[in-house]
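Trainee: I'd like to ask some things about the structure below.
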Amino acid sequence: MTSVTWRTRFEQAALHRPSDPDWTRGARLPRAVVRSVQRFQLGESSDGAGLVRKAERTGDADYAVAVKLFVAEERDHARLLAELLHAAGAPTIDAHWTDTVFVRMRRLVGLRVELLVLMVAEVVALRYYRAMRDGSTDPLAAEVGRRILADEQRHVPFHVAQLRGLPAPVRWAWRGAVAAATVVVALDHGPALRAWGVARRAFIRDTLAEAHLP
Ligand SMILES: [Fe+2]
Ligand SMILES: [Fe+2]
């Protein structure tokens with residue numbers, strides 16, 4: 001797919017974004033899920049200005065627009081998760097070490113490496129939001145999981161398209177990073193995943209099965 005096609009897909013998604021669910025009906029979330037969603041909310045809200053600048057420097061205007069819309073979607077994920085937390089009577093959080101490390105790493109590098117780092121989170125997010133969608137007993141939480149997962153399923157092939165043809169050692173290193181991040185998330189978010197009916201081991205196995213670069 002070309003950048004024009006990606007730009008169109010993101011524009012179409014923006015156009016057809018459904019209106020918000022009724023937050024006023026409130027949400028009942030287990031404590032472990034609240035803590036986990038707070039950390040993912042923070043991760044989704046990471047500033048994308050650096051990525052947009054790098055995309056603009058490629059000289060491909062359609063790609064730059066697609067990246068801007070991608071960043072807007074990630075911000076919307078942060079907003080949806082914040083609304084869900086508020087519906088459950090829980091606050092958002094300001095900082096967590098996993099996020100600080102992630103943001104610092106991304107600032108220091110060029111576009112492709114930033115995408116590689118970003119893709120680690122995107123691949124882990126796929127399994128996480130699938131668990132949230134399928135395992136939540138709370139209808140608002142299941143709906144938020146469904147909406148975010150639908151976007152993430154577009155994000156992964158979008159970035160993969162930019163990362164074609166990387167040398168094998170880079171792809172192996174990337175898979176190693178995915179494995180490490182998956183273990184960290186499985187440990188850190190294990191209780192929430194369990195509440196959604198996903199064991200730590202299954203989370204790690206499924207995430208690694210989906211983590212492939214062409
Ligand atoms: Fe996201
Ligand atoms: Fe994403």
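The values are calculated or read from the model by the stated rules, or taken from the named source; none is laboratory data. Nothing here was measured: the structure is a model prediction, and the numbers come from that model. For neighbour counting, all protein chains shown are included, and Cβ atoms are generated from backbone atoms with ideal geometry for every residue, glycine included. Just the protein is used for accessible areas: all its heavy atoms, side chains included, with ligands, DNA and RNA removed. Shrake-Rupley method; radii C 1.70, N 1.55, O 1.52, S 1.80 Å.
Trainee: So, R0 is 35 Å and r is the distance between the beta-carbons of A150 and R104; what FRET efficiency does that work out to, to 0.05?
Mentor: Step by step, r from the Cβ atoms, then E = 0.70.
Trainee: Where the accessible area of the chain is counted over protein heavy atoms with a 1.4 Å probe, how much of it, in %, is carbon and sulfur?
Mentor: Ligands and nucleic acids excluded, carbon and sulfur give 57 percent.
Trainee: While we're looking at this one, here's another question. Which of the DSSP-defined H helices in the chain satisfy a minimum axial length of 15 Å, computed from C-alpha atoms, and a minimum mean Kyte-Doolittle hydropathy of -0.5?
Mentor: Helix filter hits for the chain: 3-15, 31-44, 61-87, 111-135, 139-162, 168-188.
Trainee: Using 1/(1 + (r/R0)^6) with R0 = 25 angstrom and r between the beta carbons of R205 and V184, what's the FRET efficiency to the nearest 0.05?
Mentor: 0.95
Trainee: Same structure again: Please report, in whole Å, how far the alpha carbons of the chain spread along each principal axis, starting with the longest.
Mentor: So the three principal-axis extents are 47, 37, 28 Å.
Trainee: Right, next: So what's Rg/Rh here for the stretch 22-112, counting alpha carbon atoms and using the Kirkwood radius for Rh?
Mentor: Result for the stretch 22-112 is an Rg/Rh of 1.08.
Trainee: Right, another one. Given the Cα-Cα distance of W23 and T2 and 0.36 nm per residue of separation, how much length would full extension add, in nm?
Mentor: Additional length available on full extension: 3.8 nm.
Trainee: Under a 1.4 Å probe, what is the accessible area of the chain per residue, stated in Å²?
Mentor: 49
Trainee: Nothing charged except the Cβ atoms of Lys and Arg (+1) and of Asp and Glu (-1): what's the magnitude of the dipole of the stretch 55-214 about its Cα centre? Round to the nearest 20 debye.
Mentor: Charge dipole of the stretch 55-214: 540 debye, to the nearest 20.
Trainee: Which residue, M132, A14, V71, has the largest displacement toward the positive end of the dipole of the chain when charges sit on each Cβ (Lys, Arg +1; Asp, Glu -1)?
Mentor: M132
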